[in-house]
1. Does any residue in the range 110-129 that is touching a residue at least 60 places away in the same chain (Cβ under 8 Å) and farther than 17 Å from Asp176 by Cα come within less than 7 Å, Cβ to Cβ, of a residue that is more than 15 Å from the ligand (Cβ to nearest atom) and assigned to a loop (DSSP other than H, G, I, E, B) six or more places away or on a different chain, and which pairs are these?
2. Read through the list (1) part of a helix (DSSP H, G or I); (2) open to solvent by 50 Å² or more (accessible area, probe 1.4 Å), then give the number of the only condition that Thr227 fails.
3. Of everything in the range 236-264 that's more than 11 Å from the ligand (Cβ to nearest atom) and either polar (S, T, N, Q) or in contact with a Ser or Thr (Cβ under 9 Å, 6 or more places away or on another chain) (or both), which residue is farthest from Asp395 (Cα to Cα)?
4. Right, Ser193: at pLDDT 95 or above, farther than 21 Å from Ala21 by Cβ and among the small types (Gly, Ala, Ser) or not?
5. Taking Arg277 as the residue in question, decide whether it is among the basic types (Lys, Arg) and surrounded by fewer than 17 Cβ atoms within 10 Å (Cβ to Cβ).
6. So which of Tyr150, Tyr110, Tyr99 is over 29 Å from Thr208 (Cα atoms) and of a type in the set (Phe, Trp, Tyr)?
7. Would you say Ile107 is open to solvent by 20 Å² or more (accessible area, probe 1.4 Å) and assigned by TED's automatic domain parsing to the domain that holds Ala149?
Amino acid sequence: MDNKFKNICVIGLGYIGLPTASLLATKGYKVHGVDVTPSVVKTINDGKIHIVEPGLDILVKSAVGSGNLKAGLEPEEADVFIIAVPTPFIGDHEPDLTYVKQAAEAISPYLKPGNVIILESTSPVGTTNQLAAILEKNGHKAGEDIFIAYCPERVLPGQIIVELVQNDRIVGGINDASTKITAEFYNTFVSGSVLETTSKTAEMVKLTENSYRDVNIAFANELSLITDANDINVWDVIRLANRHPRVNILQPGPGVGGHCIAVDPWFIVSQNPELARIIRTAREVNDSKPEWVLSKVRTYASKFKNPVIGCLGLAFKADVDDLRESPSLGIVQKIQQENIGKVIVCEPNLNSHDDFELHSLEETIQKSDVILLLVDHKEFKVLTALMLSEKLVIDTRGAIS
Ligand code: SAJ
């Protein structure tokens, strides 16, 4: 490879770090991946994966097989350091930057002049400057000897491998020199455009993208409550309204899940509590949707002496096995806890679940009085109202034709 970046150290081998590390390894970089969990390190060094994402198994196998990707518990010297660690919230939706700070301390002893340090984790505005401050405190000249930038990950779970290469990237350095050198690095493996800005703007862009989606889903979810109260089919309303050239409403569901859209808008709210009124309300609207679904289940179940409730889907969205922050899982757990009825679960993307025995679609339908469709997995899209004419149906996703 005739570019100045040769060795890459990726901190955090989760949903973003592992695909990124493997992709870079297959592009010819020597990649050292770091994770705090020994079993994750071992799995990857065996050429296997600990998370499910289409195409990732093949990518990791070939990256490890080529000798270009190896994993370890400690960082190593490199030309580029990529930090892709979790940034959850704690308490009253306050961002928790512990893992970013730990990563900064962990790489500090390995940094040399000319190194590029990139933060990809979704972060509150100002985090990249905090990262630079930690490295400064440890004796590095940020922006002069070492270059520091924020480049948010923007990939959609389920399409990570394709979007890692094709998506446009936003690069915001702590100074111009940092922006330029980081953009140069991304241009070596990204086919989309690499757009340059400041670190604070790049941080805000990432939070804006996910908040925009959350607000738009909240609009659809609120609409679903209003139409239901007025005995109007929300899916018809949205389909027909979307035929207007300047209207594009998203789809209602049982709530918003995953580790991104349900989390990131709070970073804006927590930094701007007085100003972020729509963003906060959208979070509240989306977070209250599972309770609305549960009230429907209670009403329908009350029509039977010993109700059996067939729950279709546990994942946070269609065609993935990811249960993190899943409103569907939360709803099914509540039905069970409240003893609203006997629960039968079908989740075609999982082989097993600790709390629930999993059943086939046919068995779930056959044994249930109430059918609660929670996720629009492709396996459920074959269902029609006619097939379920003897059941009471709650279709939170409009998947049943
Ligand atoms: N959802 C709806 N109705 C919709 C669309 C989504 O109820 O019309 C729900 C889904 O069922 C799910 C949640 O929203 O519970 C989030 O799903 P998603 O597919 O909208 O997004 P994620 O969380 O899988 O990925 C998002 C993406 N961000 C945007 O589309 C702006 C992705 O590009 C980001 O990289 C990712 O967050 C992230 O890591 O931040």
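The values are calculated or read from the model by the stated rules, or taken from the named source; none is laboratory data. Everything quoted here is computed from the prediction, not taken from an experiment. No Cβ is skipped: glycine too gets one built from the backbone with ideal geometry, and neighbour counts run over all protein chains shown. Accessible surface is based on the protein model in full, side chains and every heavy atom, while ligands, DNA and RNA are left aside. Shrake-Rupley method; radii C 1.70, N 1.55, O 1.52, S 1.80 Å.
1. Tyr110/Pro75; Tyr110/Glu76; Tyr110/Glu77; Thr127/Leu97
2. (2)
3. Applying the first criterion (more than 11 Å from the ligand (Cβ to nearest atom)) to the range 236-264 yields 236-237, 239-247.
Applying the additional criterion that residues be either polar (S, T, N, Q) or in contact with a Ser or Thr (Cβ under 9 Å, 6 or more places away or on another chain) (or both) yields 236-237, 242.
On the way: Asp236: 14, Val237: 16, Asn242: 21 Å.
Here the residue is Asn242.
4. Values: at pLDDT 95 or above: yes; farther than 21 Å from Ala21 by Cβ: yes; among the small types (Gly, Ala, Ser): yes.
Spelling it out, Ser193 is indeed at pLDDT 95 or above, farther than 21 Å from Ala21 by Cβ and among the small types (Gly, Ala, Ser).
5. Numbers: among the basic types (Lys, Arg): yes; surrounded by fewer than 17 Cβ atoms within 10 Å (Cβ to Cβ): yes.
For Arg277, the condition - among the basic types (Lys, Arg) and surrounded by fewer than 17 Cβ atoms within 10 Å (Cβ to Cβ) - is met.
6. On the way: Tyr150 fails: over 29 Å from Thr208 (Cα atoms); Tyr99 fails: over 29 Å from Thr208 (Cα atoms).
After applying the criteria, what remains is Tyr110.
7. Against the criterion (open to solvent by 20 Å² or more (accessible area, probe 1.4 Å) and assigned by TED's automatic domain parsing to the domain that holds Ala149), Ile107 does not qualify.
This table checks each residue for (1) within 14 Å of the ligand (Cβ to nearest atom); (2) in the same structural domain as Pro254 (by TED's automatic domain parsing); (3) open to solvent by less than 10 Å² (accessible area, probe 1.4 Å).
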position: Val171; (1), (2), (3): no, no, yes
position: Ile181; (1), (2), (3): no, no, no
position: Val190; (1), (2), (3): no, no, no
position: Ser193; (1), (2), (3): no, no, no
position: Asp214; (1), (2), (3): yes, yes, yes
